[in-house]
Amino acid sequence: MVVKLSSKPTTSRYEEAKAEYAKFGIDTEAAIERLSKISVSVHCWQGDDVIGFDGSDSLSGGIQTTGNYPGRARNPEELFADLTKAFALMPGKKRVNVHACYALLGEDKGKVDRDAYEYKHFEPWVRWAKENGLAGVDFNPTWFSHPMMKDGLSLSSPDEEVRSFWVRHGKACMKIAAEIGKAMGSPCCVNLWVPDGYKDIPADRLGPRLRLKKSLDEILEGYDKEWVIPAVESKVFGIGVESYTVGSNEFYQNYAATRGICCLLDTGHYHPTEVVSDKIPSMLAFYDKVQLHVSRPVRWDSDHVVVVDDELKELSKEIIRNEADDKVIIALDYFDASINRLCAWVTGVRSMHKALLCAILQPYAEMKALQEAGNFTKVFYMHERVKFLPYADVWNEYLRRQGLCEDWYDEVEKFEEEVIANRI
Ligand code: RNT
Ligand code: ZN
């Protein structure tokens with residue numbers, strides 16, 4: 001999917017890097033080609049601090065945005081304008097990830113609740129995705145920021161009116177997702193995450209889980225297997241639900257395994273010393289596919305913007321060296337309201353691609369053979385040796401072939417001055 005050729009010529013730095021990598025048996029042309037085929041699903045919710053269009057004016061459900069950078073997109077027009085600008089600065093194959101609270105209700109506003117949303121309320125997203133040449137659209141039911149969340153519970157609620165409302169929402173979303181998948185000609189990944197849990201020590205830990213299990217079974221009944229790829233996302237804790245999360249890791253891994261669906265691993269949803277990079281190969285030993293929410297947890301599930309840090313590189317290696325490019329489905333999930341939101345979007349997407357490129361440019365066959373031969377000294381040496389190979393020159397060439405470059409900041413600044421500054 002390398003789209004346009006920049007008018008600028010290939011640099012001699014790239015030619016030198018190509019020769020340097022060749023010494024390690026690495027083909028930089030093949031690396032660029034491989035990177036350009038990996039899609040990243042970009043979350044629409046970074047643009048408006050996870051508020052959506054369907055009536056809520058604050059975020060609740062164990063997640064929080066912090067900061068009040070001016071110019072948050074306040075309506076569909078503003079969000080689409082911001083997305084269009086940001087996506088133009090992102091390299092590679094892209095999808096957009098939409099939450100149900102981003103329904104464009106039109107005349108149905110105030111009349112139709114989340115349990116009755118239909119495909120027509122999301123058709124503008126599909127249109128926008130097609131206009132912008134995206135590879136697909138992904139979807140999420142929204143089980144937060146809504147008055148029907150009672151005592152912080154949705155699908156695990158003991159109140160049957162509440163539980164059944166949210167089951168209907170889930171079922172409506174599965175139908176919408178099938179339509180989205182068909183319309184895009186690419187299956188729609190649907191992520192099921194609920195914030196349900198308790199602030200303090202519960203008197204019953206099993207009951208809520210049995211209700212969640214029952215609700216999920218009802219939602220998944222008869223879903224369109226051709227066009228929908230469902231996943232369940234666990235979490236260790238949330239703000240206000242510190243003591244107990246109904247959808248724990250063990251709950252969802254067992255649920256997914258027995259129902260033949262995917263697990264979604266969010267990099268911020270584990271204990272601070274646990275890493276998702278090590279979970280990926282464990283999952284690949286049992287599952288055909290695993291979905292990711294790539295985020296950056298700074299001391300907790302803080303949802304900072306993704307940057308090229310060690311864990312992102314390690315996570316990328318687990319995708320690349322296991323040849324799991326089509327098995328690990330990458331989506332981003334962070335929301336920072338303290339800096340320019342477009343800058344946050346573009347940085348996160350570029351960081352993901354950079355880490356993937358770094359991972360592609362490594363001599364895995366050689367390193368694996370060394371490990372199997374018990375030559376741990378050379379494995380150790382090689383890990384460090386490859387770190388400073390000239391991958392940045394390959395990155396710049398990858399961008400050049402898409403008519404992009406690393407100096408994109410001025411574009412965002414200009415957009416901020418001309419468009420965002422007018423949002424008073
Ligand atoms: C929350 C989960 C969840 C949400 C999005 C908005 O902790 O990570 O994925 O961030 O659905
Ligand atoms: Zn997530």
Original post:
Within the range 270-295, can you find the residues that are touching a strand residue (DSSP E or B) at 6+ places or on another chain (Cβ under 7 Å) and either of a type in the set (A, V, I, L, M) or buried (at least 21 other Cβ atoms within 10 Å of the Cβ) (or both)?
Top reply: V276, I280, M283, L284, V290, Q291, L292, H293, V294, S295
Original post:
Looking only at the range 123-155, which residues are closer than 13 Å to R95 by Cβ and part of a loop (DSSP other than H, G, I, E, B)?
Top reply: N132, G133, L134, A135
Subject >> Selection from the range 289-346 of residues that are within 21 Å of G61 (Cβ to Cβ), among the aromatic types (F, W, Y) and within 16 Å of the chain's Cα centre (by Cα) >> reply: Y334, F335
Original post:
How many of the residues making up the range 45-90 are in a helix (DSSP H, G or I), within 21 Å of D303 (Cα to Cα) and either away from ligand 2 (no atom under 16 Å from the Cβ) or over 20 Å from the mean Cα position of the chain (by Cα) (or both)?
Top reply: 6
Original post:
Which ones in the range 254-270 are away from ligand 2 (no atom under 16 Å from the Cβ), on the phi < 0 side of the Ramachandran plot and not basic (K, R)?
Top reply: N254, Y255, A257, T258, I261
**OP:** Mind listing just one residue for me: the one in the range 240-267 that is touching a residue at least 40 places away in the same chain (Cβ under 8 Å) and small (G, A, S) and, of those, surrounded by the fewest Cβ atoms within 10 Å (Cβ to Cβ)?
**Re:** S243
**OP:** Taking the options S7, S12, S36, S56, name whichever one is surrounded by fewer than 19 Cβ atoms within 10 Å (Cβ to Cβ), modelled with pLDDT of 95 or more and not hydrophobic (A, V, I, L, M, F, W, C).
**Re:** S36
Original post:
Which one is farthest from G207 (Cα to Cα), of the residues in the range 118-155 that are within 16 Å of ligand 1 (Cβ to nearest atom) and more than 21 Å from the chain's Cα centre (by Cα)?
Top reply: H146
Subject >> Leading residue by the ranking (nearest to ligand 2 (Cβ to nearest atom)) among those in the range 285-294 that are under 18 Å from C189 (Cα atoms) and not aromatic (F, W, Y) >> reply: H293
Original post:
Do you know which residues across the range 60-107 are among the small types (G, A, S) and closer than 15 Å to D49 by Cα?
Top reply: S60, G61, G62, G67, G71, A73, A100
Original post:
Do the conditions hold for S316, that is, is it small (G, A, S), more than 15 Å from ligand 1 (Cβ to nearest atom), under 28 Å from M367 (Cα atoms) and buried (at least 19 other Cβ atoms within 10 Å of the Cβ)?
Top reply: yes
**OP:** Would you kindly identify the helices (runs of 4 or more DSSP H) lying entirely within the range 194-306 that contain at least 2 residues that are within 15 Å of ligand 1 (Cβ to nearest atom)?
**Re:** 249-259
Subject >> Unmet requirement for C101, which otherwise passes all of (1) of a type outside the set (A, V, I, L, M); (2) under 19 Å from the mean Cα position of the chain (by Cα); (3) more than 21 Å from M149 (Cα to Cα); (4) not in a loop (DSSP other than H, G, I, E, B) >> reply: (3)
Subject >> Candidates A337, A373 - the one that is within 16 Å of ligand 1 (Cβ to nearest atom), small (G, A, S) and surrounded by fewer than 23 Cβ atoms within 10 Å (Cβ to Cβ) >> reply: A337
Original post:
In the range 104-118, what residues are in a helix (DSSP H, G or I) and either in contact with a helix residue (DSSP H, G or I) (Cβ under 7 Å, 6 or more places away or on another chain) or closer than 21 Å to W143 by Cβ (or both)?
Top reply: D108, R114, D115, A116
Original post:
Any residue in the range 341-350 that is assigned to a loop (DSSP other than H, G, I, E, B), of a type in the set (K, R) and at pLDDT 95 or above?
Top reply: no
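The values are calculated or read from the model by the stated rules, or taken from the named source; none is laboratory data. Because the structure is predicted, anything quoted here is derived from the model rather than measured. Note that each Cβ is placed from the backbone with ideal geometry, even for glycine, and that neighbours are counted across all protein chains shown.
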